[in-house]
Every structure is written in C-alpha cells, then in structure tokens.
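Taking it in order: structure first as structure tokens, then the write-up.
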Amino acid sequence: MSNNQIVEQILNRRRTVTRRSGFSSHPDRTGREFKTKSIELYFLPQGENITIIFNIPEHEIDDLVAFGGWFYSDQILDITKTYGCFKKIHISNQEPDNWGKFGSLAPSDVTRNIPTTTLTFTALRDTYIGFYNINCGIVSHQHLEWAKSDPSNRKHLDNIDEYAPEANFYTVLGNTEIICNSKPDHRYKKLIYLKACNRCARFLPINTKNERLPLSFSNHCTENTAPCTHSGFSNLQNTDIDESLQLHFGYQLECRYCKKFVVNAALNPQRTTDQMREDGTRRRHIELLLDFLLGGSPVLYYRKENNGQELATEIWEKFGQQCFKCKVDLPTSKSMHLDHTRPLALFWPLDKTATALCQYCNSKKHDKPPSEFYTEDEIIELSEITGLSINELSNSSPNLLAIEALIRKLDDFINIFCQRPQLQKVRDGKLTCDLFLNAIQKTLDKTPYGQKYNVIKLYKERNN
C-alpha cells in the first residue's frame, strides 16, 4: 500500500467533536468576589467511621431528586456507598488537606425508588474530617425545567449527575442524618473558600491549596499557561474584609452549572459549525498522524490480535468497571471514557495502557499528564493496573519514539499528510493545517528537536 493510500485510509476515520465555549455575565456579581467560612471538624481515630444518611422525600415520577455536599479530610479515607434511587454517585478530589465533593442528581426512576442513600467515611489512620452544605431532596430550577420541557432539550440532562452538588437547587428538602461516635470539635476547624458565580451569584467552594482540584468552578489556566495573568480570574476580593486572594491557575467566572446551561447551551447554537470543530479537528488529526507515524492504530491491532475483542472491553474490566479517579460505577464499557493516560497532545497513542474514566473526570483531565491530575497514591495504583512504571507516569515529556518517527518521515508529513483536503480547509479565515501545525510545533518544542526543526516554517517554505 502506498503512503497516499495509508494516509487516505487513516483520515477516513472520524471522531466526535465535543468542545464548547461561550460567555455571559450577571448584574450583581462579577465572579471576582470570595468569602470564607470556618468548619468544625470531627476527629476519627483509625478504624472509626462516620456515616451520612440521605432520605429523599416522596416525589413523583420524573421529578429531579438529588443529594450531595462538600467534605474535607487531612488523610485518605475509605468511602463506601449505597445508591438508593441513584444509578451513579460521584466522589471527587480525595486528596489530603483539600476539599472534595460528592453527590448525584437524576430524574426519579420508579425501578430504583429506594429513598435512602448512604455514604460511610472510614479512617485508615487518625483523621480530621468536616462537611459543608450537605443536603438532599427534590430539585428544581429554571434551566433544569427547560431541559425537561422538550424532548430536544433533554440531552442536557444526560450527564446532569456530574454537576452535583452545585446543580442541587432544592425545592423540597429531605432528611439528612450524620452518625458518628463523636461530635464536631470546636477546637479543630478548617476554612473553606467560597467564590462568587457571575451568573447565579451564589458563593460556591473552591480549593486554594491545590487549585488543580477544582470543585464548583473550572480552572482558567492550565499547567502550560499558568501563572494566570488575568487579574479578573486570578485575583479575588473578600466581600467581608479588606483582603485579596491571589490564585496561580485562576478560576472561571461562572460556576460549572451556569457554564453548562447559561453559557454553553445558550451560545453554542450561535457558533458556527466550523468553530465547534476546531479543537476536535486538531485532536483528530494528531490521532491520525500517530497512526501514520507508527504504521497503524494500536486499537485496530488489538482487535485483530484478539479475535475481534474490543480494547475498551479489556480496559473496562481491568479497572473493575469503575472510573479510576472518582470510583463511580460504569454500567457498560460504552458508558466509559477511554482515556489515553498519557496525553494525546504529547503524542501518546491510545493503547493497552489506557485508563477507564467517567465523562466528568475525563473532561477534567483533558490534556493533563498523569502527574498533574492524580495524587501520588493514585499514580502508584495506576502503575499497577496499566503496567506503566511510576517514572513513566510521573514524566510529562512527549513520546520521543513518535517524535523521532516524525523527523524520519518529515518529507512525507509535509508533502503528503499536510496536503490532505481535510487539512486544507479554511474555517473562519483560518487554515486548518496552520492550527494543526501550531499544535505539532508546541509538542516538538518540548523536546531537543524543537530547536532544530520548525514544521510551520518548513511547510510554508515548501508551499510558498
């Protein structure tokens, strides 16, 4: 098969475009305000536990029911759960000395109409633990009712459980009970930082010790673009006292819930199809380039070598049919997001070292290397499951084998791969190939080859 035929075959494989963006604001809040609240902590000796019982009130079919809250601990905890009427329960940010969150939100399902949901936190060593704003009940909000109002809108409820507890606008409260051998101790307290949303004007929790563990707001800058130089996102002002808070990565102005409904749902229809495809196009062509450089797709090779078995099925089973990060159950392999583990943006292909994640955690991880997304304990566990060494998982360098293959095949890359019609399209005045080459050069610049090879310049020289 000729190089042209190989590239043609590779480029015919497509993937779904998922990125969305947009912006809007609220008249009463700028999103730059914060305040703090002091939370009394429980002391749990090693082996002791604390259980929270959530009793959902009586409700009608298709009512939205929810529970959730935020928690702090200074040690890793063992967390067990009973699902009650919920198919999924999300628990995120289990990192010592930071705040995490838990919860779920879903339309009532008569087949799972069990009113009681429980979470049990067990101390693996002496631990201080605290909770903020834990509740349950029936939920309603104008955006949620809009999503329920029309079949064409209900797609916005497909992953609404991932937005608990910040989406839990309770109209009818259930009963929440904490069972513990001890009471909160006023001598031991922990501050929780609450940032304003510029859309709904609520103050919702953020992490300030490790900002890469977002709670109700997404980071504004990434590891590659921090420190955040936009003062509106990185410098917050206390509403109660004359105090400012300087952040390294910064947080977006709107909370995740408002981002989903007020920004994305409202503004995405106004964006052109070409704008919606831009990020997906870059990712898709990096995937295709890796196949081209490495002589084929590891996923297709796996299927061929394993009598048609899908790689996704093996990964799903290897990770115990759960999201590796938050441990939410993944009912089927199709409900799992197959993560590259090491980022596609750094030229790492999707292969047997992939990780099983839920949609929410996969979205949060995005292009982060494992060392920027997982805790040290999670890196150790991930190493045992995937077979990648701790050093490989901790290293955020690009895939040198793929980079060296690119250098060897540089002529074919410029003269054949970059000439494909998909890369020669102009969208909103931008040549797709230019966007693609910018992404390639950013990765190349992270290696010694970046000083010697400039693919953008080479492409322009050879194409006038």
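The values are calculated or read from the model by the stated rules, or taken from the named source; none is laboratory data. Remember, predicted model here, so these are calculated numbers, not experimental data. Here Cβ is always computed from backbone atoms with ideal geometry, including for glycine, and neighbour counts include all displayed protein chains. Side chains included, ligands, DNA and RNA excluded: accessible areas come from the protein's heavy atoms. Shrake-Rupley method; radii C 1.70, N 1.55, O 1.52, S 1.80 Å.
Surface composition of the chain: carbon plus sulfur atoms contribute 46% of the solvent-accessible area (1.4 Å probe, protein chains only, all chains present). For the range 193-248, the Cα-based Rg and Dmax, in that order, read 11.2, 34 Å. Give the shape of the range 113-266 as rounded, prolate or oblate, defined through the alpha-carbon gyration tensor: a ≥ b ≥ c are the square roots of its eigenvalues, a/c under 1.5 means rounded, and otherwise the shape is prolate if a/b is larger than b/c and oblate if not. Note, shape of the range 113-266 comes out oblate. Centre-to-centre, using Cα atoms only, the range 40-96 and the range 413-464 are separated by 48 Å.
Each peptide among 327-340, 131-144, 449-462 gets the average number of other Cβ atoms lying within 10 Å of its residues, and from highest to lowest they stand as 131-144, 327-340, 449-462. Enumerate the lysines that LYS195 could reach by cross-link, defined here as Cα to Cα under 16 Å, with residues fewer than 8 away along the same chain left out. Here the lysines satisfying the reach criterion relative to LYS195 are LYS35, LYS37, LYS101, LYS209, LYS259.
Which residue, ALA356, THR118, VAL262, has the largest displacement toward the positive end of the dipole of the chain when charges sit on each Cβ (Lys, Arg +1; Asp, Glu -1)? Toward the positive end, the furthest listed residue is VAL262. Its DSSP H runs of at least 4 residues, each contributing -39,500 (n - 2.57), put the calculated 222 nm mean residue ellipticity of the chain at -7000 deg cm²/dmol, to the nearest 500.
The charge dipole of the chain, taken about its Cα centre with unit charges on the Cβ atoms of Lys, Arg (+1), Asp and Glu (-1) only, comes to about 1460 debye.
Report the one residue of VAL65, THR51, CYS85 whose Cα lies farthest in the direction of the positive end of the charge dipole of the range 44-86 (charges on C-beta: Lys and Arg +1, Asp and Glu -1; origin at the Cα centre). Result: THR51. Probing with 1.4 Å while keeping every protein chain in the model, the per residue accessible area of the range 98-171 equals 39 Å². For the pair LYS352/GLU48, report the inter-label distance in nm, with labels modelled 7 Å from Cα in the Cβ direction. About 4.7 nm, to one decimal.
At a 10 angstrom cut-off on C-beta neighbours, averaged per residue, how do the peptides 78-88, 352-362 rank from highest to lowest?
On the way: 78-88: 17.3, 352-362: 22.2.
Result, highest mean first: 352-362, 78-88.
Under the shape rule built on the C-alpha gyration tensor, where the axes satisfy a ≥ b ≥ c, the range 274-396 is rounded, since a/c falls short of 1.5. Of the residues ARG202, ARG303, ranked by 1.4 Å probe accessible area with the largest first, the sequence reads ARG303, ARG202.
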